[in-house]
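Report on the structure given below.
The values are calculated or read from the model by the stated rules, or taken from the named source; none is laboratory data. Quick caveat, the model's predicted, so the values are computed rather than measured. Every residue, glycine as well, gets a Cβ built from its backbone with ideal geometry; the counts of neighbours run over all protein chains shown.
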Amino acid sequence: MTSIEVQSLTKEFGTRRAVDDLTFRVLPGRVTGFLGPNGAGKSTTMRLVLGLDRPTSGTATIGGRPYTALAEPLRHVGALLDAQAAHGSRTGRDHLRTLAASNRIPGRRVDEVLEATGLASVARRRVRTYSLGMRQRLGIAAALLGDPPVVLLDEPSNGLDPEGIIWIRGLLRRLAGEGRTVLVSSHLMNETASFADHLVVLGRGRLLADTPMREFIHARVQPGVRIRTTDPTALKSALAPHGHDAVEHEDGHWTVRHARVDEIGSIVSAAGVPLLELAAEEATLEQAYLDLTSTETEFTAHPQEA
Amino acid sequence: MPFAPVLHSEWLKIRTLRSLLGALLALFAATTAFSALAGVSETSDPESDPLFMALSGVAPGQIAAMCFGAMAVSSEFHGGGLRTSLAAVPRRGRWFAAKVTAIAVPTLVVGLVTAVAALVVARAGLGDAASGLSLAEQVRGVVGCGIYLTLMALLAAGLAALLRSGVGALSLLIPFVLIVSFVIGDVAGGATDFMPDRAGQIVLYESYDGPLGPWTGLAVTAAWAAAALAAGAWSVRHRDA
């Protein structure tokens, strides 16, 4: 059981607070999505966890120890920070060999991760000839090199083609399924919704949310019901006594807000409304996130109300 | 974490970059070629020091050595590469020590081989002018030349780590070596004897005068290199990656 623990972490660059008194835990066995707009402090937090930047105050530990105290850290933590980090004049395979050598990871592991990330055929080409997607895969290969129980990936789907995005989704699910601790930052909501179990949301360096993804969405966005009918008048009159109202959309379908499909379904069928379609309208992570950040923006725009 | 795997990794990094191998090859080629030319063209000058004539290829050769040292360090500063390296080896002092060792050893080996080759080809051209050189003087010249080139590579490596830029380090050092030595050096005298290139090249002369001898001169250059490395190590250890 190796978790990441961030405790009252603060990092100032000059007078700017990039990370502001952050406390959260990333637990094993699930994918934790790390969300926030650009500049919210996600990358800085990851660098602090990896001991690359020194915190102004607070601590970040992995399995109870600071990263810099780990002997052969690649066997404990794998990280993708920047797809441009590999030197363009080296081959992808040589880049991984240099990393493996420093942590006494056997050479065959290099070929294994090249195979696993789909880079085996280009392994002996220079990194400068790689597309952004291939560099991203090389960075992921480097993160997997030491078969680590903890994986940190900063925007891993950047530059990946649709096939690559589906691949990384499966990879993240598999890593979590194997009981590893997986922290993945992103600013793409739909993408994060496709793989995350849990969310840590930052805004201006502060923690805005640390909750399971389902809870996060349901707490912020009321579900709705989508209906298509040949008799809108009957629909409206059936709903009215129950305090519901249907709104028509351009393409002819109706939605009932703040309602569950179970309830609306039994109301309209009891009233004999002719139905063409009845479906639950799922709230999306994007809606929930925008709801959270809009309240956050209001909050920060009027500090006197705080 | 143990030192040997980190050193192995740093050595692999040097071996797998063509530009670095190219710099070592340039060190050998430039030094040997210029020494051969000096051997042929300067025989008529009775004033010239035959040992320094034979090893005069060091003047261009040291630029290749400095490029090697600076580029071996600056290759870490491409697009966040240092973060990848320090995530693999978070003990920064140990990492930098391995980097410095991986620069020093190949430079010394190539420097010694180069000095022997330069001496051999130059002597062929110098003929009688070099016949007065004793074996001890030639050994001193060759060993000194290898050490001098190594120290210049390390000076550049330390500066590159401090400035986080190979171009920055080279644009300080190369004009310094070219201009301070050839222009200001002869005018100012005194203090310029203690400049890293001036002091370190005394070992390349058969006869010398002034405050420094061959080995004390190299010690002065070593002090410069040590200062640059200490500053570079401080920067690596204390700055955010």
Response to the item:
The residue from A:98, A:2, A:15 that alone is in contact with a Pro (Cβ under 6 Å, 6 or more places away or on another chain) and either within 9 Å of chain B (Cβ to nearest Cβ) or modelled with pLDDT under 95 (or both) is A:2
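Out of A:125, A:108, A:137, I need the residue that is in contact with a Phe, Trp or Tyr (Cβ under 9 Å, 6 or more places away or on another chain) and either over 17 Å from residue A:11 (Cβ atoms) or facing chain B (nearest Cβ under 10 Å) (or both). Which one? Give the derivation first.
Working: A:125 fails: in contact with a Phe, Trp or Tyr (Cβ under 9 Å, 6 or more places away or on another chain); A:108 fails: in contact with a Phe, Trp or Tyr (Cβ under 9 Å, 6 or more places away or on another chain).
None of the other options fit; the residue is A:137.
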Worksheet entry | Flag for residue A:170 being within 17 Å of the chain's Cα centre (by Cα) and without any contact (Cβ under 8 Å) to a residue 24 or more places away in the chain | yes
Worksheet item: In the range A:144-153, what count of residues is obtained for those that are out of contact with any Lys or Arg (no Cβ under 7 Å at 6 or more places or on another chain) and either closer than 19 Å to residue A:125 by Cα or surrounded by 22 or more Cβ atoms within 10 Å (Cβ to Cβ) (or both)?
Response: 2
Worksheet, complete the sentence: By residue number, the members of the range A:50-100 that are more than 10 Å from residue B:87 (Cα to Cα), part of a helix (DSSP H, G or I) and in contact with a helix residue (DSSP H, G or I) (Cβ under 8 Å, 6 or more places away or on another chain) are A:92, A:93, A:94, A:95, A:96, A:97, A:98, A:100
Practice prompt. Scan (1) within 19 Å of residue B:67 (Cα to Cα); (2) of a type outside the set (D, E, K, R); (3) within 14 Å of another protein chain (Cβ to nearest Cβ); (4) free of Cβ contacts under 8 Å to residues at least 12 places away in the same chain for the single condition residue B:175 breaks and write down its number.
Written response: (3)
Worksheet, complete the sentence: For the range A:267-287, pairs from a residue that is under 30 Å from residue A:36 (Cα atoms) and in contact (Cβ under 8 Å) with a residue 40 or more places away in the chain to a residue that is of a type in the set (Lys, Arg) and surrounded by 12 or more Cβ atoms within 10 Å (Cβ to Cβ), with Cβ under 6 Å and 6 or more apart or across chains, are A:281/A:226
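Against the condition within 11 Å of chain B (Cβ to nearest Cβ) and in contact with a Pro (Cβ under 6 Å, 6 or more places away or on another chain), how does residue A:68 come out, does it pass? Steps first, answer last, please.
Working: within 11 Å of chain B (Cβ to nearest Cβ): yes; in contact with a Pro (Cβ under 6 Å, 6 or more places away or on another chain): yes.
Criteria met by residue A:68.
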Worksheet item: Does residue A:110 fit the bill of being surrounded by 23 or more Cβ atoms within 10 Å (Cβ to Cβ) and outside any helix (DSSP H, G or I)?
Response: no
Worksheet entry | Count of residues meeting criterion [surrounded by 22 or more Cβ atoms within 10 Å (Cβ to Cβ) and out of contact with any helix residue (DSSP H, G or I) (no Cβ under 9 Å at 6 or more places or on another chain)] in the range A:201-217 | 0
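Provide a single number: the residues in the range A:217-235 that are touching a strand residue (DSSP E or B) at 6+ places or on another chain (Cβ under 6 Å), modelled with pLDDT of 90 or more and not β-branched (Val, Ile, Thr). Give the steps one after another, and end with the answer.
Step one: of the range A:217-235, the residues touching a strand residue (DSSP E or B) at 6+ places or on another chain (Cβ under 6 Å) are A:224-229, A:235.
Right, trim to modelled with pLDDT of 90 or more and you get A:225-229, A:235.
Filter once more, so that each one left must be not β-branched (Val, Ile, Thr): A:226, A:228, A:235.
The qualifying residues number 3.
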Practice prompt. Tell me, yes or no, whether the range B:132-141 has at least one residue that is crowded, with 16+ Cβ neighbours inside 10 Å and among the β-branched types (Val, Ile, Thr).
Written response: no
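Each row is one residue, and each column tells you yes or no for (1) buried (at least 16 other Cβ atoms within 10 Å of the Cβ); (2) over 27 Å from residue A:176 (Cβ atoms); (3) hydrophobic (A, V, I, L, M, F, W, C).
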{"position": "A:199", "(1), (2), (3)": "yes, no, yes"}
{"position": "A:219", "(1), (2), (3)": "no, no, yes"}
{"position": "A:226", "(1), (2), (3)": "yes, yes, no"}
{"position": "A:234", "(1), (2), (3)": "no, yes, yes"}
{"position": "A:249", "(1), (2), (3)": "no, yes, no"}
{"position": "A:261", "(1), (2), (3)": "yes, yes, yes"}
{"position": "A:271", "(1), (2), (3)": "no, yes, yes"}
{"position": "A:284", "(1), (2), (3)": "no, no, no"}
Worksheet entry | Residues located in the range A:26-49, provided they are crowded, with 21+ Cβ neighbours inside 10 Å, in contact with a Gly (Cβ under 8 Å, 6 or more places away or on another chain) and not in a helix (DSSP H, G or I) | A:36, A:40, A:41
Worksheet item: Do any residues in the range A:40-58 that are outside the structural domain of residue A:187 (by the TED database) have Cβ atoms under 8 Å from those of residues that are surrounded by fewer than 23 Cβ atoms within 10 Å (Cβ to Cβ), where the two are at least six apart or on different chains, and which pairs are they?
Response: none
Item to complete: For residues that are farther than 17 Å from residue A:65 by Cβ and among the small types (Gly, Ala, Ser), scanning just the range A:1-25, find the one that is surrounded by the most Cβ atoms within 10 Å (Cβ to Cβ).
Response: A:18
Practice prompt. Just name the residue that is nearest to residue B:74 (Cα to Cα) out of those in the range A:71-86 that are facing chain B (nearest Cβ under 7 Å) and surrounded by fewer than 22 Cβ atoms within 10 Å (Cβ to Cβ).
Written response: A:84
Response to the item:
Of (1) within 11 Å of another protein chain (Cβ to nearest Cβ); (2) assigned to a helix (DSSP H, G or I); (3) touching a Lys or Arg at 6+ places or on another chain (Cβ under 8 Å), residue B:72 satisfies every one except (1)
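Restricting to the range A:248-269, count the residues that are part of a strand (DSSP E or B) and within 33 Å of the chain's Cα centre (by Cα).
Going residue by residue through the range A:248-269, those that are part of a strand (DSSP E or B) are A:248, A:254-257.
Within this subset, residues satisfying the condition of being within 33 Å of the chain's Cα centre (by Cα) are A:254-257.
Total meeting the criteria: 4.
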Discussion item. Return the pair list, or none, for Cβ contacts closer than 7 Å from residues in the range B:75-88 that are more than 7 Å from chain A (Cβ to nearest Cβ) to residues that are aliphatic (A, V, I, L, M), at least 6 apart or on different chains.
Written reply: B:76/B:82; B:82/B:241
Discussion item. Loosely packed, with under 15 Cβ neighbours inside 10 Å, of a type in the set (Ser, Thr, Tyr) and assigned by the TED database to the domain that holds residue A:16: which single residue out of A:194, A:185, A:121 fits that description?
Written reply: A:121
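Any idea which of B:23, B:30, B:97 is within 19 Å of residue B:153 (Cβ to Cβ), within 20 Å of the chain's Cα centre (by Cα), crowded, with 19+ Cβ neighbours inside 10 Å and within 14 Å of chain A (Cβ to nearest Cβ)?
Details: B:30 fails: within 14 Å of chain A (Cβ to nearest Cβ); B:97 fails: crowded, with 19+ Cβ neighbours inside 10 Å.
Going through B:23, B:30, B:97 in turn, the sole match is B:23.
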